[in-house]
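Peer 1: Dumping the structure here so I can ask a few things about it.
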Amino acid sequence: MAWYHRFSDLFRRGTLDREIDDELITHIAERTDELVEQGMSEREARDCARKQFGNYTRRKEETREIHLLNWIETVRQDVRYAFRTLGSNPAFAATAILSLALGIGANTAIFSIINAVMLRSLPVENPAKLVQINSKEAGSELTNPIWEYLRDHQHALSGVLAYSPDRFDLSDGSESRFGQGMWVSGNFFNVLGVPALQGRVFSAQEDRRGAAPVAVISYGFWKRNFANDLSVVGKTVRLNRHEFEIVGVTPPWFTGLDVDHGYDVAIPITCEPILNTDRSKLDNRSAWWLRILGRLSPGENLQQAQNRFKALAPVMFQETVDPRLPAQMQKEFVKSTLSLQPATTGFSDIRTQYKTALFTLMAITGLVLLVACANIANLLLARATARGREFSVRMAMGASRLRVIRQLMTESILLSISGAGTGLLLALWMSRLLIRLISTTGNPLDIGLSLNFSLLGFTMLAAIVTALLFGLAPALSTTRGGLNHALKENARGALQGFSRFNLGMTLVAGQIALSLILLVGAGLFVGTLRNLLTIDPGFSRRSILLVNAQFKQPSIGKDQRIQKYNQMLERIRAIPGVISAARSMRTPITNFGMNGLTFPEGYQAKSRMDTLAWLNLISPEYFNTMATRLVMGRDFAKTDDVKTSRVMIIGESTARHFFGTSNPVGKTIGMDTRGDKRVHYEIVGVVEDTKYQQINEGQRLTAFLPVDQDPEPDSAVNFEIRRAVPLNALLHPVQSAISSVNRDVSLEFQDFETQVNESLLQPRVVALLSSAFGLLALLLAGIGLYGLTAYGVSRRKNEIGIRIALGARRGAVIRLILGDVAMLLALGVSAGVGASLVMGRLIANLLYGIRPNDPMEIGVAVLILTACTVFAAYIPARRAAGLDPMGALREE
Amino acid sequence: MKKQKNDILQGTLTLLVLRMLQAQGALHGYALTSHIQRASAELLRVEEGSLYPALHRMEQDGLVKAEWGVTERGRKARLYSLTAAGKEQLAEEMQNWDRLTEGVARVLRYA
């Protein structure tokens, strides 16, 4: 019986059981028949036969045990033998295990991140039943009036909750220290099934307006900041410099609904006015900030619940429409619809931002693993051929082909399991490294990456698949042809080209093709990064310090803000080492943005979005500080304030878009404020185009307004400071300059270059990793080719010796060897180029300023690959050419 | 379990089975039992069930090979036959047996 039958017997005891039963029952039946023929009655005969047979059950058990014991014994033998053969060639074993560990480790690392941010269910009760309430028109973040309406009127779901992730400043003042926070509805914890570990969680009483400032903290926060103090309930935590009383602690397993990071503090949505005295979002019908989730009722599916929500939508949107919106928009708003989406895996920015990148990296590491497998297969093949005599002898002594294949596969599995085990350890480290790499100061990541079952399962699967990939083909190929063939193989003297090593050649050609794909990919990603780094974003990234100042509301009254902020700006400008300084509502290259529909003088909008402009409010000197070139007209001046007429500066593209070639300076652009009132701005200047939210965005329409004309100044302000001294030297002076005007402030410092670079993290990481993996694949392919050539040369020693003895020159011998390699290379490169062209399309949206079939990039990759492979093959070829013909022939 | 008088010694069973298969070709378990009993003129009696663990062990050791066939009465049965290794083993065990019986006989005779 073949080994795999026996293996399956262990799991399907049924077959073996039935077979043994069949055999034993036949025996008893035959005996009964014979006894009946001798004249016994049927009944007597059966009893007698049974008796003679002895203890049926015990014999059957014994018979079955023999199969099991034998299986265990042969496995033990195979494993021991495999250990011995691998141990006898530790260099081979180490190479194989190391390359597998790298390959499997890289795959497992990427998988563990994909698993954590995309596949794993939330740590809440029955997460499969969680759904999110979305509106196709309004988005996935809804207003508080909508939430209150849904809370009080929906019956389709068994419970609904609202929450919004936020950052809270935990410091007492001066420099900000942020924690992860959540605004939550009263029933948030109850609907999720999260009990309190200490104290209580929130309840419906927290949904009442004007509720006391209370907070529930996470286990992690409790441990870090209160050292698991059992009397924490009743103590306070400071959020944006307001005191909140801690009422409860959640269990360690609950880390919030955002998988990118845990949460520290949760506070009721109804406490929002405490932190935002200026403009509370609670009754704002245009503040889209709450995620609304619900739990499907038992026995109801998504579709049924969704249908009920559809019916609810018209009345709800009618009730919650913002009356300050222009009439047309109100009409569109009430036609909005609601839909439900599964929310089992929670929320993750990494998921949305890095989805394509992660899958691409998974594919890249998969290809690297394939290259590594091909390498090991090649090594195994060479080894198996060298061990041909051993196998011939074993097969001559009666071992079946399957027995020998099993032996070889045991070695392969032993290798792959060792590789996978090491790889798993590497993966735990690499995934953390990768997360640290994509973590930023603004968005610190804390993703649960500890060992779990799906990770173990993935690694096991990788081990088995790789063992089959690299082990099976060599095992089949070396045992093919059986005994005679194997013995004849060892006959010497015959002329042997590469012809015999078809499998080896295919493997190396495949490696070359795979490496080329990886090199082309790496080239494209590096090219993308280079484009992003060298592009002119319309500002300088160097030597600019950004300062975000948050003032406790309402420590400066709205009417005093402009004056106070300008006073701070003047004091900053006076600091030695400050070249110039400005202030603005936002800084470039952040997620935060503001846009508005514009009505340029004499321009007919082609569509509604055709006149959508992205806005910033800035002070005079802003362009000077950011090194943005003024193309036409003038910069804002101190005189552009609330008392004078409204002015605007626009980007070059905007000017061209609206006014073509005519001079835009002096023309006006209208914009609607709340309440449908149109304000006209006079264009006083044009600046070069600047990037708004991302370096790799297409050119947007941009417009700048004077911050001094802002009718509703915010309680936070950004300063941009161009510096001539090191950044650290400015921190203290800037802080005293600002707090000398208003003491109650917390500051966040950021180097502008860091802010820009962090926005390029994803392309940077992809470029870095794809290059590293590309080089690894190239190295492996080089080793593979070197091995194959060296092996070919050693087998052709005789032939080469004769050729040299007959007068072949060095060059001719080298050409002879390289000729074979050139064929392999041509084969591999053409396959690789073909595959690159196909696969390039899949990564097109990760690229910037470069086409996936860029002939230049492909050419460079082919060149690098050719140089490396020729080098790898040249070493053994040169050695062959230097053979002493007499020595080579005498060896026979 | 009570020992029967003429229980075949464990090692001897292998020898007998191998010999029987050499003489008769492929046989199923029941036929093997009957043949051994008949050939020994009913002197040797195998506890019939114990034959099967032995047969399966011999199969695993590669001394015999088995395939499904039918008995003379038309029942499905596994038919055992000798392998090359089984033949070698038989020759060796027959020699051993001869030496053993000769030795035992000498002791009994001259002690």
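The values are calculated or read from the model by the stated rules, or taken from the named source; none is laboratory data. Remember, it's a predicted structure, so these values are computed and weren't measured experimentally. Backbone-built Cβ (ideal geometry, glycine too); neighbour counts: all protein chains shown.
Peer 1: Would you call residue A:125 over 30 Å from residue A:450 (Cβ atoms) and either within 14 Å of chain B (Cβ to nearest Cβ) or of a type outside the set (Val, Ile, Thr) (or both)?
Peer 2: Answer is no for this residue.
Peer 1: Would you please name the residue that is farthest from residue A:168 (Cα to Cα), looking only at residues in the stretch A:536-559 that are surrounded by fewer than 18 Cβ atoms within 10 Å (Cβ to Cβ) and modelled with pLDDT under 90?
Peer 2: A:559
Peer 1: Restricting the search to the stretch A:161-189, which residues are polar (S, T, N, Q), touching a Gly at 6+ places or on another chain (Cβ under 7 Å) and surrounded by fewer than 23 Cβ atoms within 10 Å (Cβ to Cβ)?
Peer 2: The one that is polar (S, T, N, Q), touching a Gly at 6+ places or on another chain (Cβ under 7 Å) and surrounded by fewer than 23 Cβ atoms within 10 Å (Cβ to Cβ): A:187.
Peer 1: For residues that are over 29 Å from residue A:220 (Cβ atoms) and without any contact (Cβ under 8 Å) to a residue 40 or more places away in the chain, tally how many sit in the stretch A:262-299.
Peer 2: 2
Peer 1: While we're looking at this one, here's another question. I'd like the full set of residues that are under 30 Å from residue A:469 (Cα atoms) and outside any helix (DSSP H, G or I), limited to the stretch A:103-131.
Peer 2: Result: A:120, single match.
Peer 1: Determine, yes or no, whether residue A:748 is surrounded by fewer than 22 Cβ atoms within 10 Å (Cβ to Cβ), within 30 Å of residue A:169 (Cα to Cα) and under 34 Å from the mean Cα position of the chain (by Cα).
Peer 2: Considered against the rule, which asks whether it is surrounded by fewer than 22 Cβ atoms within 10 Å (Cβ to Cβ), within 30 Å of residue A:169 (Cα to Cα) and under 34 Å from the mean Cα position of the chain (by Cα), residue A:748 comes out as yes.
Peer 1: Let me ask another. Suppose we keep only residues that are within 9 Å of chain A (Cβ to nearest Cβ) and aliphatic (A, V, I, L, M) within the stretch B:31-53. Which one would you say is surrounded by the most Cβ atoms within 10 Å (Cβ to Cβ)?
Peer 2: Within the stretch B:31-53, the match that is surrounded by the most Cβ atoms within 10 Å (Cβ to Cβ) is B:51.
Peer 1: Okay, next question. Answer yes or no as to whether residue A:17 is at pLDDT below 90, within 10 Å of chain B (Cβ to nearest Cβ) and farther than 16 Å from residue B:60 by Cα.
Peer 2: no
Peer 1: Now for a different question. Where residues in the stretch A:574-622 are in contact with a Ser or Thr (Cβ under 9 Å, 6 or more places away or on another chain), of a type in the set (Phe, Trp, Tyr) and closer than 26 Å to residue A:561 by Cβ, which of them is surrounded by the most Cβ atoms within 10 Å (Cβ to Cβ)?
Peer 2: A:622
Peer 1: Further, regarding this structure: Identify all residues within the stretch B:63-100 that are at the interface with chain A (Cβ under 7 Å from one of its Cβ atoms), surrounded by 15 or more Cβ atoms within 10 Å (Cβ to Cβ) and assigned to a loop (DSSP other than H, G, I, E, B); write none if there are none.
Peer 2: Selection gives B:71, B:75.
Peer 1: Follow-up. Scan the stretch A:381-421 residue by residue and report those that are of a type in the set (A, V, I, L, M) and either in contact with a strand residue (DSSP E or B) (Cβ under 8 Å, 6 or more places away or on another chain) or at pLDDT 85 or above (or both).
Peer 2: Across the stretch A:381-421, the qualifying residues are A:405, A:408, A:409, A:413, A:414, A:415, A:417, A:420.
Peer 1: Restrict the check to the stretch A:742-758 and report whether at least one residue is under 30 Å from residue A:670 (Cα atoms), modelled with pLDDT of 90 or more and assigned to a strand (DSSP E or B).
Peer 2: No.
Peer 1: A follow-up question, please. Sort out which residues of the stretch A:570-614 are at pLDDT below 95 and part of a helix (DSSP H, G or I), and write them in order of number.
Peer 2: The answer is A:608, A:609, A:610, A:611.
Peer 1: For the stretch A:704-720, how many residues are closer than 21 Å to residue A:591 by Cα and surrounded by 21 or more Cβ atoms within 10 Å (Cβ to Cβ)?
Peer 2: Final tally of qualifying residues: 8.
Peer 1: Now for a different question. Is it true that residue A:250 is in contact with an Asp or Glu (Cβ under 8 Å, 6 or more places away or on another chain) and touching a residue at least 40 places away in the same chain (Cβ under 8 Å)?
Peer 2: It is false that residue A:250 is in contact with an Asp or Glu (Cβ under 8 Å, 6 or more places away or on another chain) and touching a residue at least 40 places away in the same chain (Cβ under 8 Å).
Peer 1: Related question: Determine the pairs where a residue that is assigned to a helix (DSSP H, G or I), located within the stretch A:783-794, has a partner that is β-branched (Val, Ile, Thr) with Cβ atoms under 6 Å apart, the partner being 6 or more residues away or on another chain.
Peer 2: These pairs meet every condition: A:784/A:508; A:785/A:508; A:785/A:869; A:788/A:508.
Peer 1: State all residues of the stretch A:37-76 that are in contact (Cβ under 8 Å) with a residue 40 or more places away in the chain and among the small types (Gly, Ala, Ser); if no residue qualifies, say none.
Peer 2: none
Peer 1: Of these, A:567, A:563, which one is in a helix (DSSP H, G or I), polar (S, T, N, Q) and free of Cβ contacts under 8 Å to residues at least 60 places away in the same chain?
Peer 2: Matching residue, one of A:567, A:563: A:563.
Peer 1: In this structure, does residue B:57 turn out to be facing chain A (nearest Cβ under 8 Å), within 13 Å of the chain's Cα centre (by Cα) and modelled with pLDDT under 90?
Peer 2: yes
Peer 1: Does at least one position in the stretch A:759-777 carry a residue that is within 20 Å of residue A:867 (Cα to Cα) and surrounded by fewer than 18 Cβ atoms within 10 Å (Cβ to Cβ)?
Peer 2: So far as the stretch A:759-777 goes, yes, one or more of its residues are within 20 Å of residue A:867 (Cα to Cα) and surrounded by fewer than 18 Cβ atoms within 10 Å (Cβ to Cβ).
Peer 1: Could you look through the stretch A:132-143, keep only residues that are touching a Ser or Thr at 6+ places or on another chain (Cβ under 9 Å) and outside any loop (DSSP other than H, G, I, E, B), and pick out the one that is surrounded by the most Cβ atoms within 10 Å (Cβ to Cβ)?
Peer 2: Only one residue tops the list, namely A:133.
Peer 1: For the stretch A:23-73, name all the residues that are of a type in the set (Phe, Trp, Tyr) and either within 7 Å of chain B (Cβ to nearest Cβ) or on the phi > 0 side of the Ramachandran plot (or both).
Peer 2: A:53, A:56
Peer 1: A further question follows. Taking into account only those residues within the stretch A:341-365 that are of a type in the set (A, V, I, L, M, F, W, C) and not in a helix (DSSP H, G or I), which is surrounded by the fewest Cβ atoms within 10 Å (Cβ to Cβ)?
Peer 2: A:347
Peer 1: With respect to residue A:802, determine if the residue is touching a Pro at 6+ places or on another chain (Cβ under 8 Å) and surrounded by 20 or more Cβ atoms within 10 Å (Cβ to Cβ).
Peer 2: no
Peer 1: Looking only at the stretch A:227-243, decide whether some residue is under 35 Å from the mean Cα position of the chain (by Cα) and farther than 21 Å from residue A:746 by Cβ.
Peer 2: yes
Peer 1: Exactly one condition in (1) at pLDDT 90 or above; (2) more than 9 Å from chain A (Cβ to nearest Cβ); (3) more than 17 Å from residue A:23 (Cβ to Cβ) is false for residue B:21; which is it?
Peer 2: Result: residue B:21 passes all but (3).
Peer 1: Can you run down the residue pairs with Cβ atoms below 7 Å, 6 or more apart or on separate chains, where the first is in the stretch A:131-142 and closer than 19 Å to residue A:302 by Cβ and the partner is outside any strand (DSSP E or B) and not hydrophobic (A, V, I, L, M, F, W, C)?
Peer 2: Pairs found: A:132/A:140; A:134/A:140; A:135/A:336; A:135/A:337; A:136/A:337.
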